[in-house]
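Everything below concerns the one structure shown next.
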Amino acid sequence: MIGLTTILMTGSDLRATLGSLLALWLGSTMVFVLFGGYAVHRLVVGPVQRLTAEADALAVGEFPAHTPQETAELELLAARYRAMAENLLDVQSQVVRVEKLAGIGRLAAGVAHEVRNPLGALASYVEVLHRRGADPKVTGDMHQAIERIERIVQGLVDYARPGADPTPNGRHHGSTDLNAAVHTVLDFLEAQGMLRGRRLETSLDDGLPPVSGDQHLLEQVIVNLVVNACQANPCGQVVVGTRAKAIGSRRRGNTRRSDGQDHRPDPGRAWAPEPRPPELPPGTRGVMLFVADDGPGVPDQDRERVFDPFFTTKDPGQGTGLGLAIVARTVHESGGTVWVDRAREGGAVFKVFLPIASETDAAAHR
């Protein structure tokens, strides 16, 4: 149009310049089409393809690193999409864990009942053999084996038993001062000699509100976690702390260290989800308890399995694999959630989120 207007204004011969006009028109059209295609691919097609790739990765259980988008609108869309994906993964993880706990709990109750009857008879027979002059070493080894079975059975009973006086929705009544529970447990373990020779560090926030859950059961949770940390490295460091926290507030790229400070994870690190109970909306206020050690840690592929009954990384005869299963069940029945991550100290850090008692009551009345 510009060339045609120029020719008409200058009075030039239109026929003589028609070829030049066509070449100019074709060239400008090609430039426009190429630039338009590049702009559409860069601003629309490319970001959509990246979102599609993230969706495909999520479908196989991966969580790809975030790639900044070119426009503010697409960046906002990507941020909301990733937040939704995080929530879905957290809720899915929690639902699977709850179903696993319920099914194995029923199985554990039946197995414990059936095993205890013949176990009592075996103990009586061993005592009879001892009185009749059987080899004391043999009867002693038999007693130890029977006691080990009894410990396993008792762990099954503790795992299958839902706890004292649960509410109609399966949650425990009452509230607990988590800092006071930590002090009680550490004093008890110190008196038992469990902490002897270990470097114990506590980092407890002051003024934390009471959390939902039975105090005795939550003290048992802390005992199990601290004993596990002590066993991870017999002469190592154990860190126990509490922090105020809102569930679901963490984003990938900003994880919480065992001392409560945010830090950027290593690029090659696997994503460790922060499970959220479905009945607690994002932003629910609560308290996070963390117990960290400087032992070998928990491999990424075992982070979900460590809460399964009978799964243990300890040497044969050193553990029943029920401690963390009981921890997971107790925390769930208290309205909270538990997960394992990599500690700043180099080992594992177990994190327990428990909602404030008033927040749990509000959720129950919704």
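The values are calculated or read from the model by the stated rules, or taken from the named source; none is laboratory data. Small disclaimer: the values here were computed from a predicted structure and weren't measured. Each accessible area value is taken on the protein alone, full model and side chains, heavy atoms only, with ligands, DNA and RNA left out. Shrake-Rupley method; radii C 1.70, N 1.55, O 1.52, S 1.80 Å.
For the range 186-203, backbone phi angles converted through the Karplus equation (6.51, -1.76, 1.60; θ = phi - 60°) give residue-by-residue couplings of 5, 4, 5, 5, 5, 5, 7, x, 5, 9, 5, x, 10, 8, 9, 10, 10, 9 Hz, Gly and Pro being listed as x.
The accessible area of D206, taken with all protein chains in place and a 1.4 Å probe, comes to roughly 140 Å².
Starting from the residue with the highest accessible area, list H143, H130, H216 in decreasing order, probe 1.4 Å. Show your work: numbers first, answer last.
On the way: H143 60, H130 90, H216 125 Å².
In descending accessible area the options line up as H216, H130, H143.
For the range 343-352, the Karplus equation 6.51 cos²θ - 1.76 cosθ + 1.60, evaluated at θ = phi - 60°, returns couplings of 7, 4, 6, x, x, 10, 10, 9, 10, 10 Hz by residue, with Gly and Pro reported as x.
The overall shape of the range 108-153 is oblate: from the C-alpha gyration tensor, with semi-axes ordered a ≥ b ≥ c, the ratio a/c is 1.5 or greater and a/b is no larger than b/c. What the phi angles of the range 224-229 give under the Karplus curve with 6.51, -1.76 and 1.60, with θ = phi - 60°, is a coupling list of 4, 5, 5, 4, 4, 5 Hz, glycine and proline written as x.
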